[in-house]
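See structure below.
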Amino acid sequence: MIREMVWNFGQRPDIDDDWPEDLQNLIKSCWSDSFKKRPDFAEVIRVLDSEIAKVETELSSSSSSSSKK
């Protein structure tokens with residue numbers, strides 16, 4: 001079903017608004033009709049590494065704040 005909607009009508013699945021903005025932008029850029037506008041793999045890795053670092057920072061700060069209680 002999704003494949004047909006993408007292939008025949010250029011539609012894409014919805015992206016949850018709760019997802020980080022940089023991740024939303026990456027996904028949308030990967031969906032570009034023009035392959036020249038799509039990010040190269042180095043850019044994909046850069047964004048994903050950045051998002052992972054943010055999550056790790058949040059986890060470690062929430063872990064350290066909960067251990068201080």
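Values in this text are rule-based calculations from the coordinates and carry no lab data. All figures in this text were calculated on a predicted structure; none of them were measured in a lab. Cβ: placed from backbone, ideal geometry, glycine included. Neighbour counts: every protein chain shown.
Tabulated values for the structure
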read-out: In region 12-47, the residues that are of a type in the set (S, T, N, Q) and loosely packed, with under 12 Cβ neighbours inside 10 Å; value: Ser32, Ser34
read-out: Helices (runs of 4 or more DSSP H) contained entirely in the chain, each with at least 2 residues that are without any contact (Cβ under 8 Å) to a residue 60 or more places away in the chain and of a type in the set (Val, Ile, Thr); value: 2-9, 41-67
